[in-house]
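Below is one structure, written out as structure tokens, with a few remarks after it.
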Amino acid sequence: MRVFQLLGSSMLLLAGVAQAQAQAQGTVGGTVSGTIAATSDYDFRGVSQTLEDPALQASLGWEGATGWYAGLWGSNVDFDSDSDVEVDACFGYAGETDGGLIWDVGLNYYSYWPDGDDINYPEAYVGFGFQALEIKLWYTHDYVNLGDSALYLEGNLNFELPRGFGLALHAGHSSGDGIDEGFGDSYIDYSIGVTRAFGDFEFAVKYVDTDIDDPDFGDGRVVFSVSTSVPWGT
């Protein structure tokens, strides 16, 4: 597919930009980095965005010394629209208390190309983390440009296992008028996954499922992925 070729080229460009800008982080007052990933399915809150087909994904982010950050993230998509690529932009502020509590607030904007004006929408978030636990609340007043609100509450647990393995547990709840219109009712999604790093690459496998009755939105499935952060060695 041409979208895979275009997104793959964009990933190489992002990697090059990240490496070049990271070398100049002392002059821009922050750190610039990027990620490149390939996954067997792009699932968003339990629902496949690629009809359970593979996806190529990339990100480019900046993190300031005072806690401000900004970033771009992209992936190919395949659902009921003329859009082939999703590009998300985020801006936020994060910090940590003396007791080790991590907090994070920001805004994310989902855009779809080339013809995604009918489903673009913003979403605000606030999150808290302590040791292995992270809790995050997302809210939008205009879910996929439907004019209705949506709320997403998620919890994540990440544990280190012996021999370099990691265990990732996730549960989330989507609700609101926008979710009712799009899916018929509120729903729960959950996943359990295992990660393992080999050099500069991280491999992951997870089982993803929801309690949505409609099989068109994605049933229980296993998702494989491999990712790497650039610049390497940092």
Can you give the alpha-carbon Rg of the chain over 2.2 N^0.38 Å, where N counts its residues? 1.02
Ranked by Cβ crowding within 10 angstrom, fewest neighbours first, how are 163, 221 ordered? 163, 221
Segment 167-215: spread of alpha-carbon positions along the three principal axes, whole Å, largest first, is 45, 17, 16
Share (percent) of C-alpha pair distances in segment 60-194 greater than 26 Å works out to 32 percent
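Order by neighbour count: 206, 136, fewest other Cβ atoms within 10 Å first, most last.
Going from least to most buried by this count: 136, 206.
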For 232, 138, what ranking results if the residue with the fewest other Cβ atoms within 10 Å of its Cβ goes first? 232, 138
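Just so you know, all these numbers are worked out from the coordinates, no wet-lab data involved. Being a predicted model, the structure only gives us computed values, none of them experimental. A quick note on method: Cβ atoms are made from the backbone with ideal geometry, for glycine too, and the neighbour counts reach across all protein chains shown.
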